[in-house]
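Q: The structure follows.
Readers should treat all values here as calculations from the given coordinates under stated rules, not as data from a laboratory. Please read all numbers here as calculations on a predicted model, not as lab measurements. Because the Cβ atoms are built from the backbone with ideal geometry, glycine has one as well, and the counts that use them run over all protein chains shown.
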Amino acid sequence: MQRDAGLRGIFSSALPYALFQNLVGASRSRKWAVSHCLRLKGGEKLVDVGCGPGVLLDYLQPDIQYLGFDISRNYLETARHKYGARGLFLEGRARDFVQDDRFQRADHVYCSGLLHHLDDDEVLEVFRFAHTVLKPSGRFTAIEPCFLAHQGRFSHWLMRQDRGANVRYEDDWKRLACQVFPSSHTRVLTRLIRIPYIHIWIEGGRGSTRRTSNNPEST
Ligand SMILES: C[S@@+](CC[C@H](N)C(=O)[O-])C[C@H]1O[C@@H](n2cnc3c(N)ncnc32)[C@H](O)[C@@H]1O
């Protein structure tokens, strides 16, 4: 569930959202995710679930076949205006596209900052969507806020103010991911952005996935 009441509602418009993202250093984190998590070689088909205004495209090689979808018409219009034919930006949820031919045989399904807006059933729908559309060698990656068992009080409080009402603990993320991707891996990430947030990197594949242990704190 996305909480858009009060001040949080400002971020449903693309411009304040982009300004806030710049302020917290999201550009550095996207660059890091593209090089460490996506590890694209060129020419791949990438599906961005909950693509927002499509900003990931700023960090991708021009030959990546980019397909994004989101429930926010406002963000999608911004994406279409800014990126035009560089990507396809569709309105809907995972369940709307699971049988859509355009998404099949994807090399990568990516979501960043989406799943903590969703309840468990809808998170599983996104995982199942990814599992269905990925080619056998394809990979699923998610980067989401994650509570720690022991975490600074300010950091915990700040993360509880998030627009996404379903920030989970590491075990809960793992439990969900393993239901669809039994060999998935998770990594906890600190200092991905400038404010004291903790993230989890979830990686799954239809086959086995490569283990990596990079943390942006050390780069
Ligand atoms: C924090 S934003 C992240 C946007 C983008 N991935 C990024 O990194 O900038 C979360 C996005 O998820 C979208 N969203 C929320 N629920 C969704 C759903 N059920 N299916 C698809 N998108 C959804 C919101 O509209 C919003 O664009």
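Q: Which ³J(HN,Hα) values, rounded to whole Hz and listed in residue order, are derived for region 117-130 from phi using the Karplus coefficients 6.51, -1.76 and 1.60 in 6.51 cos²θ - 1.76 cosθ + 1.60 with θ = phi - 60°, glycine and proline given as x?
A: Using θ = phi - 60°, the values come out as 8, 10, 6, 4, 4, 6, 4, 5, 4, 5, 4, 5, 4, 4 Hz.
Q: When the dipole is taken about the Cα centre of region 6-218, and only Lys, Arg (+1) and Asp, Glu (-1) are charged at their Cβ, what size is it in debye, to the nearest 20?
A: I would put it at about 600 debye.
Q: Subtracting the Cα-Cα distance from 0.36 nm times the residue separation, let me have the gained length for residue 174 to residue 104 in nm, one decimal.
A: That pair, residue 174 and residue 104, stretches by 22.7 nm at full extension.
Q: Rank-order 136-148, 14-26 by packing density, defined as the average count of other C-beta atoms within 10 Å over each peptide's residues, highest first.
A: Highest mean packing first, the order is 136-148, 14-26.
Q: Please work out the FRET efficiency for the pair residue 95 and residue 120, using the Cβ-Cβ distance as r and a Förster radius of 25 Å; give the result to the nearest 0.05.
A: E between residue 95 and residue 120, to the nearest 0.05, is 0.95.
Q: Given the -39500 (n - 2.57) contribution per DSSP H run of 4+ residues, what per-residue ellipticity at 222 nm results for the chain, rounded to the nearest 500 deg cm²/dmol?
A: -8500 deg cm²/dmol
Q: While we're looking at this one, here's another question. When a footprinting reagent is the concern and you count Cβ atoms within 10 Å, what order do 40, 46 take, fewest first?
A: Fewest-to-most Cβ neighbours within 10 Å comes out as 40, 46.
Q: Still on this structure: Hey, can you grab everything whose amide H is under 5 Å from the amide H of residue 44? Only 5+ residues off in sequence or another chain; H modelled, so Pro and N-termini drop out.
A: For residue 44, whose amide H was placed from the backbone, the distant partners under 5 Å are 65.
Q: In what order do 195, 202 fall by count of nearby beta-carbon atoms within 10 Å, going from fewest to most?
A: Lowest to highest Cβ neighbour count: 195, 202.
Q: Next question. Whole-Hz ³J(HN,Hα) for each residue in region 158-172, computed from phi via Karplus 6.51 cos²θ - 1.76 cosθ + 1.60 with θ = phi - 60°, x for glycine and proline: what do you get?
A: 4, 5, 6, 7, 4, 5, x, 8, 10, 5, 10, 7, 3, 4, 5
Q: Return the loop-located trypsin sites (Lys or Arg not before Pro) in region 4-99 (DSSP other than H, G, I, E, B) with at most 15 other Cβ atoms within 10 Å of their own Cβ; answer none if there are none.
A: 39, 41
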